[in-house]
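Structure first, commentary second.
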Amino acid sequence: MSINRRTFVVTGLAASALAPRLGMAQDAIQALYEAAKSEGEITWYVVPLASESAEIVGQKFTELFPGIKVNVVRSTAGVAFQRLNQDIDSGVANCDVLTTSSIAHAIDLKSRDLLMAYTPVRKTEVIPEFQNLDADDMFHVTTAGPMCIVYNTDEVAEADAPKNWPDLLDPKWKDKVAIGHPGFSGYVGIWGVKMEELYGYEFFEKMLDQNPYIGRSSIDVVTTTVSGETIVGAGPAASSLAAASKGNPVANVYPTDGTVIITSPSGILANAPHPNAAKLFSEFLLGAEFNEVIAEQFGTPIRAGIALQPGVPALDEIKVITATPDQIVNDIPELAEKFRDTFGI
């Protein structure tokens, strides 16, 4: 990924050029709102946000569009996809919008004609690097989350904290390191295939010697690091920074060999029970208000001109690495199987 500083600045000239288009977008969004009012609600299966953050997002949407409630169903990527497939197999339409951390899930749903084509009017308002994920507009990038190294500041001095991913394999962290499970978490799956690409599967064979704590979600890594059950690990930057803002002893290291950026797509289910509300919610996910909530929760917005919280680096300030769609679709399942064999879970 190549994102320069200019990407994050909206100049007065650019804003003026956008004004007519933004006016048309507001007209279209207002028309969607009028159509969605009678539906009254939307159910959102969401993966890349913590439960508290997802609920805040739902509340913000209802504030902007009174009369439309957001039913938030938050889980890991594997659980969300399994739940959705159970819905499909049972002929039950529960989910309106899926936001997953695995593009493989979106691609699979598209291949089975289970997603609705929708071209948001706000599609071109996000940073160019996050546009046009799917040529048929079946799904769109709505969040970008960094995976970094987290550590407990009561137990580890800043100077002694791991500086790159192989540093987690130092014997001094034995019994004290946490990672997630690539078979359950999209974030961990993407992080895992990048570790395998950089360092071979030996990275995980050496990790086994560390006797790591293995949670399902990458967010579990932050939880155990905050509690002191573990003191270093691979976790989501936003969750760690949000925990630190509440006075918890946790901090981030953005590794010298690359912070892993997870781009999360959202798509509308073809059988969405509230299709107009789902389209409206999809517009919201690309809009300034949602990205402001993401920034307030110490995340990385995908729109220009959104102020970042203290301690959140712009993507052009750190080395970033990303997985390709081919790696996500083909390599994560293989990695998850090897991981289960190696760690016995």
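The values are calculated or read from the model by the stated rules, or taken from the named source; none is laboratory data. Predicted model, so just to flag it, every value in this text is computed and none were measured. Cβ sites come from the backbone with ideal geometry, for glycine too, and all protein chains shown count toward neighbours. Just the protein is used for accessible areas: all its heavy atoms, side chains included, with ligands, DNA and RNA removed. Shrake-Rupley method; radii C 1.70, N 1.55, O 1.52, S 1.80 Å.
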Give all pairs with beta carbons closer than 6 Å in which a residue from the range 296-307 that is under 15 Å from PHE284 (Cβ atoms) meets a residue that is of a type in the set (S, T, N, Q) and in a loop (DSSP other than H, G, I, E, B); count only pairs at least 6 apart in sequence or on separate chains.
none
Within the range 37-53, of all residues that are of a type outside the set (A, V, I, L, M), within 22 Å of GLY180 (Cα to Cα) and not in a strand (DSSP E or B), the one most open to solvent (accessible area, probe 1.4 Å) is GLU52
Only residues that are open to solvent by less than 20 Å² (accessible area, probe 1.4 Å), in a helix (DSSP H, G or I) and in contact with a helix residue (DSSP H, G or I) (Cβ under 8 Å, 6 or more places away or on another chain): list them for the range 195-241, please.
MET195, PHE203, PHE204, MET207, VAL222, THR225, SER240
Can you tell me which residue among ALA106, ALA117 is under 17 Å from LEU286 (Cβ atoms), open to solvent by 40 Å² or more (accessible area, probe 1.4 Å), touching a strand residue (DSSP E or B) at 6+ places or on another chain (Cβ under 9 Å) and modelled with pLDDT of 95 or more?
ALA117
Just name the residue that is nearest to GLY180 (Cα to Cα) out of those in the range 54-99 that are part of a helix (DSSP H, G or I) and of a type in the set (Phe, Trp, Tyr).
PHE81
Can you pull out the residues in the range 242-258 that are in a helix (DSSP H, G or I), touching a residue at least 24 places away in the same chain (Cβ under 8 Å) and buried (at least 17 other Cβ atoms within 10 Å of the Cβ)?
ALA242, ALA244
Among the residues listed as ALA277, ALA295, the single one being touching a Pro at 6+ places or on another chain (Cβ under 8 Å), part of a helix (DSSP H, G or I) and within 27 Å of TYR33 (Cα to Cα)
ALA295
What do you reckon, is GLU125 among the charged types (D, E, K, R) and buried (at least 18 other Cβ atoms within 10 Å of the Cβ)?
yes
I'm trying to understand the selection: among the residues of the range 111-126, which are more than 16 Å from the chain's Cα centre (by Cα), of a type outside the set (Phe, Trp, Tyr) and either assigned to a loop (DSSP other than H, G, I, E, B) or under 19 Å from ILE190 (Cβ atoms) (or both)?
ARG112, ASP113, LEU114, ALA117, THR119, PRO120, VAL121, ARG122
